[in-house]
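Encoded as structure tokens, the structure appears first; notes follow it.
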Amino acid sequence: MKTDSHVPSLTGSLYIVAAPSGAGKTSLVKALLESSSGITVSVSHTTRRPRPGEAHGVHYYFVDMPAFESMRDRGEFLEYAKVFDNYYGTSRQVVEATLAQGTDIILEIDWQGARQVRKLYPESCGIFILPPSRNALEERLRARAQDDEATVARRLREAVAEMSHYQEFDYLLVNDVFDDTLELLRAIVLARRQRTSVQCQLREQLLQQLLA
């Protein structure tokens, strides 16, 4: 059940959520969307193969390398990056259209993509999610039972490199107790909707009446 109210603004807000693999980013964003209105998530294109349970167009748009490179060369990606030997990219058209409709949109991308997006949208909000410990991160990666030992070890090494960029983001959340972290994530979204720049658009008529 969605517990907050949302009146569309003239332009939506862009959120960038990043985290090392296994920190719980995808689960948090999914729960946020289920409990909030007026916000959606961008579905990225990727060249990696689907994992068990993943659906094309829902979790990712799964494309081959030639198709991805063609889209890249046509300038269709707002950002793209290579992660674990596979490419990931965000559709420029989808993001721009969503924001123009007054809907907030979340990009689940890594620090490389975040840098690219922040150059184009300096007003975007960056949120970085950390695990409570390296042991907890390793346990979460193993609990997924999707990767062999070599891949888990590689993901742990990459996680350290990813986490070293936390200072490039506006907010830093530690995902220890899931529900607590979710509430903090929701609080960020709700607070940003009260910014003067947003409320001036939503309350234009009221402001004119109050100041007449």
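Specify the residue that is farthest from the chain's Cα centre (by Cα); the eligible residues are those in the stretch 99-132 that are buried (at least 20 other Cβ atoms within 10 Å of the Cβ) and farther than 19 Å from Ser164 by Cα. Only one residue tops the list, namely Asp104.
So that you can scan it fast, the table gives a plain yes or no per residue for (1) outside any helix (DSSP H, G or I); (2) surrounded by 12 or more Cβ atoms within 10 Å (Cβ to Cβ); (3) within 23 Å of the chain's Cα centre (by Cα); (4) modelled with pLDDT under 90:
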site	(1), (2), (3), (4)
Asn135	no, no, no, no
Thr151	no, yes, no, yes
Arg155	no, yes, yes, yes
Gln194	yes, no, yes, no
Gln201	no, yes, no, yes
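Determine, yes or no, whether Ser21 is closer than 29 Å to Asp176 by Cβ, assigned to a loop (DSSP other than H, G, I, E, B) and of a type in the set (Ser, Thr, Tyr). Yes: the conditions hold for Ser21. None of Glu54, Glu79, Glu69, Glu34 is outside any loop (DSSP other than H, G, I, E, B) and either under 23 Å from Arg155 (Cα atoms) or modelled with pLDDT under 95 (or both) except Glu79.
In the condition set (1) modelled with pLDDT under 95; (2) touching a strand residue (DSSP E or B) at 6+ places or on another chain (Cβ under 7 Å), Thr47 is compliant with all but (1). Selection of the stretch 166-192 for residues being part of a loop (DSSP other than H, G, I, E, B) and free of Cβ contacts under 8 Å to residues at least 60 places away in the same chain yields Asp170, Asp176, Val177.
The values are calculated or read from the model by the stated rules, or taken from the named source; none is laboratory data. Bear in mind the structure is a predicted one, so any value in this text is a computation, not a measurement. Note: ideal-geometry Cβ built from the backbone for every residue, glycine included; neighbour counts use all protein chains shown.
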